[in-house]
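Here is the structure we will look at, set down as C-alpha cells.
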Amino acid sequence: MTLIKVKNMVCDRCKSVLKSELEKNGFRVGHIDLGEVQFGEGSEIEMDKIRKILDRNGFELVINQNEQLIAQIRNHLIIGLQDRNLNQNLSEYLVDRVCKDYSVLSKLFSAHEGITIEKYFIGLKIEKVKELIQMGDRTFSEIAYGLGYTSSSHLARQFKSATGMSMGTYQKAREWNRKPLDQIV
C-alpha cells in the first residue's frame, strides 16, 4: 500500500472530491483522511497523474518531510476545531497527535509559515466564529464556550483584534468576508 501526503485538504468535502477524482481516474483508494491518501493493494501509482489530479482540484502533493509535518499540524488543528475536541491546551493536543516535542513543531511551523501555531489557530477559530455568527443560531457566549474560550469577552477581544470590528458589528453588517481554511496564514 502506498501513502501520499496532501496539502490543502480542510474538510470532509475535500476528502470526498479527491476520492471521487482519484477513483474516476482508475486509482483504488484504500483510505482517505485529511492530509493523506492511502491507495489500495495492487493500485499502480502514477505520481504525475496524481499530481495533475491534485493540482486541478486545488490540492498539492507534499514530498518534503518538513512540509508533511506542517501539513499534519494544520490538519490536526482543523480536525480539533471541527470536532470541538480541544479541552487540553494546544501544545499538549499537538504533541499527543504528532508525537514530536512542541518546541520543534513551533519553530518549524513559525519558520515555514511566518506565523506562530497559536496565531494560526486563533485565525482558524475566528473563521469558525464568523461561520457560526453567519448561521445565526447561537449567542456569542455559546459560540465562545463551544470553541473553548473561558469567557465571551476573551473571544470578543480576539475577534476585534483579528477583524477590526466587534462581533455585533460583524453580525449586523452581513458582509461575511470569510476565508477558506486553507488560506489562513
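Listed values, structure above:
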| read-out | value |
| --- | --- |
| Total residues in segment 124-141, condition without any contact (Cβ under 8 Å) to a residue 40 or more places away in the chain, more than 15 Å from S153 (Cβ to Cβ) and either assigned to a helix (DSSP H, G or I) or not assigned by TED's automatic domain parsing to the domain that holds S153 (or both) | 4 |
| Residue within segment 151-161 that is out of contact with any helix residue (DSSP H, G or I) (no Cβ under 8 Å at 6 or more places or on another chain), on the phi > 0 side of the Ramachandran plot and surrounded by fewer than 17 Cβ atoms within 10 Å (Cβ to Cβ) present | no |
| Some residue of segment 71-80 being over 17 Å from L181 (Cα atoms) and free of Cβ contacts under 8 Å to residues at least 60 places away in the same chain | no |
| Considering residues of segment 25-52 that are outside any strand (DSSP E or B) and in contact with a helix residue (DSSP H, G or I) (Cβ under 9 Å, 6 or more places away or on another chain) only, the residue nearest to I79 (Cα to Cα) | L34 |
| Members of segment 68-102 that are acidic (D, E) and over 14 Å from the mean Cα position of the chain (by Cα) | E92, D96, D101 |
| Candidate set from segment 103-121 (those that are assigned to a loop (DSSP other than H, G, I, E, B) and either surrounded by 15 or more Cβ atoms within 10 Å (Cβ to Cβ) or touching a residue at least 40 places away in the same chain (Cβ under 8 Å) (or both)); member that is nearest to the chain's Cα centre (by Cα) | I115 |
| Of residues in segment 36-68 being touching a His at 6+ places or on another chain (Cβ under 9 Å) and within 14 Å of K7 (Cβ to Cβ), the one surrounded by the fewest Cβ atoms within 10 Å (Cβ to Cβ) | N66 |
| One residue from L94, L54, L86, L61 being modelled with pLDDT under 85 and touching a Leu at 6+ places or on another chain (Cβ under 9 Å) | L86 |
| Of the criteria (1) over 24 Å from K179 (Cβ atoms); (2) free of Cβ contacts under 8 Å to residues at least 12 places away in the same chain, which one I50 fails | (2) |
| E92, sole failed condition from (1) in a helix (DSSP H, G or I); (2) surrounded by 15 or more Cβ atoms within 10 Å (Cβ to Cβ); (3) of a type outside the set (S, T, N, Q) | (2) |
| Flag if E44 is farther than 30 Å from Y145 by Cβ and either without any contact (Cβ under 8 Å) to a residue 12 or more places away in the chain or of a type outside the set (A, V, I, L, M) (or both) | yes |
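The values are calculated or read from the model by the stated rules, or taken from the named source; none is laboratory data. Since this is a predicted model, take the numbers as computed values, not measurements. Glycine gets a Cβ as well: all are built from the backbone with ideal geometry, and neighbour counts include every protein chain shown.
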